[in-house]
Amino acid sequence: MGRRRNLGAADVGLIVGAGLLGFAAVRASSPTLGPVAGDGPPYAPNVARPGHFFSWDELTATSAPLPNEPNAEDARNLAQLTEHILDPLRFSLGEPLYVMSGYRTPQVNALVGGSDASQHTTGQAADIRADGWAAEGLADVIYRLAFPFDQLIWYAPERGGHVHVSFVSGGGRRAMLYAPASGGYVQSQPTGVA
């Protein structure tokens, strides 16, 4: 567990190299990565799963006592987030990722104190964790794997210790931020990058 919390450049390089090469090879040979066709929920009737490693239930779960079903456009966004970020990251790490919060209706988002402009309400964002990974290390890997993220925020342990990652179709800003314990957000960059 500790070895992953303090990744060196060589460790990240191995993950990045193996992840990109491995994912490309599996993606080319396996039609099951990305959205899985079949009977799905009402908001995505022809998509049984938004990705190889993730289910609709994982991406729409909430502890809020309110309905939390995306519309068809938001479901497409969730499938794209999964295809371009979550599935490749899960494959590259070789271990489970946990979605702490994915899609949120505007009502659920307000109840949990989310931003009015939250990409969670459009199915474009997820808050994630992985066992044994500090948020900073996980964010470093996402950045170095060159995934087409829009926004990447790693949170201090006092603010949840998770990573927020978003994807927008057509290319993202690749904005990386840190959410310190004191509040607010500050520009960030991967460890060892000047």
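Projecting label points 7 angstrom from Cα along Cα→Cβ for Glu73 and Ala61 puts them 2.9 nm apart. When only the Cβ of Lys, Arg, Asp and Glu is charged (+1, +1, -1, -1), the dipole of segment 31-134 relative to its Cα centre reaches about 40 debye.
Taking a ≥ b ≥ c as the square roots of the eigenvalues of the alpha-carbon gyration tensor, segment 95-183 is classed oblate because a/c is 1.5 or more while a/b is no larger than b/c. Accessible surface of segment 53-194, 1.4 Å probe: 50 percent of it comes from carbon and sulfur atoms. Excluding ligands, DNA and RNA, the accessible surface per residue across segment 47-106 is 42 Å² with a 1.4 Å probe.
Fully extending the segment from Ser115 to Glu158, taken as 0.36 nm per residue of separation minus the present Cα-Cα distance, adds 13.6 nm. Give me the net charge for the shell around Asp57: Cβ to Cβ below 12 angstrom, other residues only, Lys and Arg +1, Asp and Glu -1. Result for the neighbourhood of Asp57: -1. Applying the Karplus relation 6.51 cos²θ - 1.76 cosθ + 1.60 with θ = phi - 60° to segment 162-167 yields 3J(HN,Hα) values of 10, 10, 9, 9, 10, 9 Hz, where x marks Gly and Pro. Note on Asp39 and Tyr98: the extension gain reaches 18.8 nm, defined as 0.36 nm multiplied by sequence separation minus the Cα-Cα distance. A Cβ-based charge dipole, computed about the Cα centre of segment 65-194 with Lys and Arg at +1 and Asp and Glu at -1, lands at about 200 debye. Amide H to amide H, with H built 1.01 Å from N, Ser101 comes under 5 Å of Asp127, counting only residues 5 or more places away or on other chains.
The values are calculated or read from the model by the stated rules, or taken from the named source; none is laboratory data. Computed from a predicted structure; not experimentally measured. Note that we place each Cβ from the backbone using ideal geometry, even for glycine, and neighbour counts take in every protein chain shown. Keep in mind that these areas ignore ligands, DNA and RNA; they rest on the heavy atoms of the full protein, side chains included. Shrake-Rupley method; radii C 1.70, N 1.55, O 1.52, S 1.80 Å.
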